[in-house]
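A quick write-up on the structure given underneath.
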Amino acid sequence: MRLGLLVAVGAAAFLFSGVAALAAPMPPVSAGPAAYVRWVYGRYTPDSRFDSQSAYTPGLRALFKLNSRLLGGEVGENNDGDEICQCQDWDRLQIESLSLTPAGSGQAAARVGFVNAGAHETVTLKLLLTPSGWRVDDVIHPRSGASASLRARLADENRRLRRAPPARP
């Protein structure tokens, strides 16, 4: 009887180990910004529906929210994919390189090289220590055109939309 119970418990632990990995708690602030970046990229697994908005600072989320409101709930030119993974869909993101540069008290820049479904990408995450812990305050990607900064692109689009709102059908 005891052996059967141990086998059942062991099988359940094995089956749900993937679920536990997805539900892994955010690292403590004391673990530093690199641990937070690893935690964020660890959320991107084939079965997850990670919402990158949860990784952003309140200020960056406010820019997205304003953008959506100005567009009447439509998707803007800077909100048609996930900026952290530079994708709309993902497989399992694997960090290849991570370098951190302190940028002042409670701030850091993380240059992250990663692979998603065989495609190699590099982004710089501007990190800010908030009351809720480390969060992404900007995403810099060299392929993003004139302004590689997500924050700057959103602010520019929001200014344009305020001056000339989109036509409603």
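The values are calculated or read from the model by the stated rules, or taken from the named source; none is laboratory data. Everything numeric here is computed off the predicted structure, so don't read it as measured data.
Looking across region 69-116 at every residue that is assigned to a loop (DSSP other than H, G, I, E, B) and of a type in the set (Val, Ile, Thr), the one that is nearest to VAL29 (Cα to Cα) is identified as ILE84.
When region 11-55 is limited to residues that are at pLDDT below 85, hydroxyl-bearing (Ser, Thr, Tyr) and part of a helix (DSSP H, G or I), the one that is nearest to PHE114 (Cα to Cα) turns out to be SER52.
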